[in-house]
Amino acid sequence: MIRICPSILNADRNNLASEISRISAQSDLLHLDVMDNIFVPNQTFTLEESRKIISETPIPVDAHLMIADPDQSAHLYAEAGAASVTFHLEASIKPVETIAKIAAYGARVGIALKPGTPFHLIAPFMSDIDMVLIMTVEPGFGGQSFMRNMMAKVEEARKEIDTNYYGKIWLQVDGGISLETIQTASAAGADTFVAGSAVFKADEPGEMVNLLRAAAAVN
Ligand code: DX5
Ligand code: ZN
């Protein structure tokens with residue numbers, strides 16, 4: 001099962017509804033990058049703006065929180081209706097509580113790892129989460145180059161998921177995913193792919209989603 005999640009980070013912010021309408025029929029989830037200018041040196045959507053986007057998006061929203069102190073507010077994105085809420089392990093002091101608070105709203109729970117964070121640190125939480133997000137760029141900006149050296153981490157995660165959590169946990173990659181790189185990530189074991197610039201810089205974003213899906217399926 002392959003899932004394609006276009007990120008609206010670099011879409012036209014002034015025409016978001018129309019940008020989203022160009023990919024919604026082809027996409028599994030809309031990836032919403034929330035940045036607070038503290039955890040990462042960039043700022044995107046406030047909770048209020050996120051709430052509006054979530055309520056107006058016709059497909060499930062995958063919220064990726066690049067914020068300090070997700071323990072305080074991650075569950076509010078689930079309350080706002082996000083289908084999936086992912087927070088960064090590096091930013092959380094109470095991951096167990098935060099997982100439970102998100103899940104209480106019925107959302108899927110994801111934990112994200114920055115490139116420098118080893119996979120084994122997520123081990124204590126695997127039985128309680130629905131998705132692992134392995135960043136393939138340093139979080140903060142779209143349009144960066146895919147880090148091929150993250151594939152060992154993706155392979156490690158795939159092995160652990162197949163051994164102990166088969167079918168339960170999605171394995172997502174985010175950063176630099178394009179027609180040139182998606183097959184590499186898929187071969188390493190990713191099944192859920194975020195793509196920002198590759199989709200929204202394409203002349204036909206919806207068609208690009210189809211092409212990415214087809215490329216990921218070649219394994
Ligand atoms: C980066 C974000 C990504 C970003 C991906 O911190 O988490 O979701 O939008 O953009 P591309 O696909 O351009 O690397
Ligand atoms: Zn993201």
Cα to Cα, under 19 Å, and not fewer than 8 places away if on the same chain: which aspartates and glutamates meet these conditions relative to LYS52? ASP12, GLU19, ASP33, ASP36, ASP62, GLU79
How much length is gained on full extension from SER145 to ALA214, taking 0.36 nm per residue of separation minus their Cα-Cα distance? 22.7 nm
Charge tally in the Cβ shell below 14 Å around GLN72, where Lys, Arg are +1 and Asp, Glu are -1, GLN72 excluded: -3
Among DSSP beta bridges lying fully in the chain, give the percent that are antiparallel, nearest 5. 5 percent
Tell me the net charge near VAL209. Cut-off is 12 Å between Cβ atoms, VAL209 excluded, with +1 for each Lys or Arg and -1 for each Asp or Glu. 0
What net charge is computed for the residues neighbouring ARG3, neighbours being all others with C-beta under 14 Å from the C-beta of ARG3, Lys and Arg scored +1, Asp and Glu -1? -3
Long-range amide H partners of PHE39, meaning residues 5 or more apart or on another chain whose placed amide H is closer than 5 Å, are ALA68
Students often check this: by mean Cβ neighbours within 10 Å, which of 31-38, 14-21 ranks highest, and how do the rest follow? 31-38, 14-21
Work out from phi, with θ = phi - 60° and the Karplus expression 6.51 cos²θ - 1.76 cosθ + 1.60, the ³J(HN,Hα) of each residue of the stretch 143-157, listed in order in whole Hz, and give x for Gly and Pro. x, 8, 7, 4, 8, 4, 6, 7, 5, 5, 5, 5, 5, 4, 5
Add -39500 (n - 2.57) for each DSSP H run of 4 or more in the chain, then divide by its residues: what number comes out at 222 nm, to the nearest 500 deg cm²/dmol? -9500 deg cm²/dmol
What list of ³J(HN,Hα) couplings, whole Hz, do you get for the stretch 177-185 from phi and the Karplus terms 6.51, -1.76, 1.60, once you set θ to phi - 60° and write x for glycine and proline? 7, 8, 4, 7, 10, 5, 5, 4, 5
Which whole-number percent gives the relative contact order of the chain, counting Cα pairs below 8 Å spaced six or more residues apart? 21 percent
Quick query: amide H of SER27 versus all other amide H atoms, modeled in the peptide plane; which residues come in under 5 Å with a sequence gap of 5 or more or a different chain? none
Counting only residues 5 or more places away or on other chains, whose amide H sits under 5 Å from the amide H of MET135 once H atoms are built in the peptide plane? LEU113
Check cross-link reach from LYS159 to the aspartates and glutamates: straight Cα distance under 17 Å, and skip same-chain residues fewer than eight apart. ASP130, ASP191
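Values quoted throughout were computed directly from the atomic coordinates according to the rules given, and no laboratory measurement underlies them. In this text, all values refer to a predicted model and were calculated from it rather than measured experimentally. Virtual Cβ from ideal backbone geometry, glycine too; neighbours counted across all protein chains shown.
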